[in-house]
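I have placed the structure first, in the form of structure tokens, so that the comments after it can refer back to it.
The values are calculated or read from the model by the stated rules, or taken from the named source; none is laboratory data. Keep in mind that this is a model prediction, so the values were computed, not measured. Note: ideal-geometry Cβ built from the backbone for every residue, glycine included; neighbour counts use all protein chains shown.
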Amino acid sequence: METVRLLDEHEFPDELKPYFDGTKAWFGIDYIPKMSKVLCYQPEMSRTHGRCSRRTLVDGALKRRQKEMIAVAVSAINACDY
Amino acid sequence: MAHTAAGKLQGYADDAYWYEAAYVYGVTNGINAVADGLRLPLDFSDSGVRRPLVKLLEFEEASDRVKEIYTDIMAFYVTEQVPSIFRALAHDDGYLTDYWKAVRFVFQDSHLDRLTKEAVALAASMAAKSDYGVDLHLREARRLGLTEKGLMEVVQVVQLFSCYTKIADGLQLEPDFTHLLQVSG
């Protein structure tokens, strides 16, 4: 159970709609992931950290799927279920 | 869990990729725990003041069986020195024999290529703050073709997801990508 209340989509400022739409498209889902809601609680965090994340995960020297796999390894080492 | 789902959507749909990756970061973590715990010297960069807490069995003093394994290890890593983790394990030649076979199997080209596996192992080592693992897997990844651009991409993923995992754990976020993780096969 989360230790904070995660806001519903309509509770976020309208300015975040493009960010949320981009997140849904990025993951191919029709809802906002909990982590995105956490990062958007303070939009300056989502703008800056979110840009870092997308900049990092696009195809580069490594493909996105390789980077997602590396992210899973990091999560496993950090013993994180999310 | 979110990134297993994302990875499946991006082309690693078959579970075989995820089994292999899990073997890689699992074996890597096992090696790193022992190597750093025993303060084994780094193999490819300056160890500083690290002094091993166990004797490392050198090639010249090894049995013929161990020499055979050492030769295979050096060929696999393309090095003239057996990495210290295997010299530390060589006191039990039966254990070394099977453990090396497992390591070799896990890191060989398969569904995932060897470079991808080394990138995963490097990231796992950085996340675990393992000096030994970073030294070994950075050398291997570079030897297998990881560019400096690719290295920075690995570094960025490690940094970002070491951040996300702590936030998720601190706020006890429950996974919300589970339904995307269809079992293949």
Practice task
Give the residues of the range B:13-33 that are free of Cβ contacts under 8 Å to residues at least 40 places away in the same chain and over 20 Å from B:His91 (Cβ atoms), sorted by residue number.
Solution key: B:Trp18, B:Tyr19, B:Ala22, B:Gly26
Exercise for the section: Give the residues of the range A:20-41 that are outside any helix (DSSP H, G or I), more than 8 Å from chain B (Cβ to nearest Cβ) and over 18 Å from B:Leu173 (Cα atoms), sorted by residue number. Expected result: A:Asp30
Exercise for the section: Considering (1) among the small types (Gly, Ala, Ser); (2) closer than 21 Å to B:Leu122 by Cα; (3) within 12 Å of the chain's Cα centre (by Cα); (4) more than 7 Å from every other protein chain (Cβ to nearest Cβ), say which one A:Ala79 fails and leave the rest. Expected result: (3)
Problem - Sole residue being in a helix (DSSP H, G or I) and not basic (Lys, Arg), chosen from A:Ala61, A:Ala76 - result: A:Ala76
Exercise for the section: Considering every residue within the range A:15-23, establish whether at least one is within 11 Å of the chain's Cα centre (by Cα) and exposed (fewer than 15 other Cβ atoms within 10 Å of the Cβ). Expected result: yes
Practice task
Examine the range B:33-49 for a residue that is modelled with pLDDT of 95 or more and within 12 Å of chain A (Cβ to nearest Cβ), and state whether such a residue exists.
Solution key: yes
Practice task
Could you run through the range A:57-75 and say how many residues are surrounded by fewer than 22 Cβ atoms within 10 Å (Cβ to Cβ) and of a type outside the set (A, V, I, L, M, F, W, C)?
Solution key: 5
Completion exercise
Residue hits (the range B:50-97; part of a loop (DSSP other than H, G, I, E, B), of a type in the set (A, V, I, L, M) and touching a residue at least 24 places away in the same chain (Cβ under 8 Å)) are B:Val54, B:Leu56, B:Leu57, B:Ala62, B:Val78, B:Ala90
Fill in the blank from the handout: Every listed condition ((1) more than 7 Å from chain B (Cβ to nearest Cβ); (2) within 13 Å of the chain's Cα centre (by Cα); (3) surrounded by 13 or more Cβ atoms within 10 Å (Cβ to Cβ)) holds for A:Leu6 save (2)
Practice task
For the range B:34-49, enumerate the residues that are surrounded by 14 or more Cβ atoms within 10 Å (Cβ to Cβ), without any contact (Cβ under 8 Å) to a residue 60 or more places away in the chain and of a type outside the set (S, T, N, Q).
Solution key: B:Val34, B:Leu38, B:Arg39, B:Pro41
Fill in the blank from the handout: Within the range B:129-170, the count of residues that are in contact (Cβ under 8 Å) with a residue 40 or more places away in the chain and either at the interface with another protein chain (Cβ under 8 Å from one of its Cβ atoms) or assigned to a loop (DSSP other than H, G, I, E, B) (or both) comes to 2
Exercise for the section: Please find, among B:Gly7, B:Gly26, the residue that is in a helix (DSSP H, G or I), over 18 Å from B:Arg139 (Cβ atoms), at pLDDT 90 or above and within 14 Å of chain A (Cβ to nearest Cβ). Expected result: B:Gly26
Problem - One residue from B:Leu173, B:Leu112 being crowded, with 23+ Cβ neighbours inside 10 Å, touching a residue at least 60 places away in the same chain (Cβ under 8 Å) and within 9 Å of chain A (Cβ to nearest Cβ) - result: B:Leu112
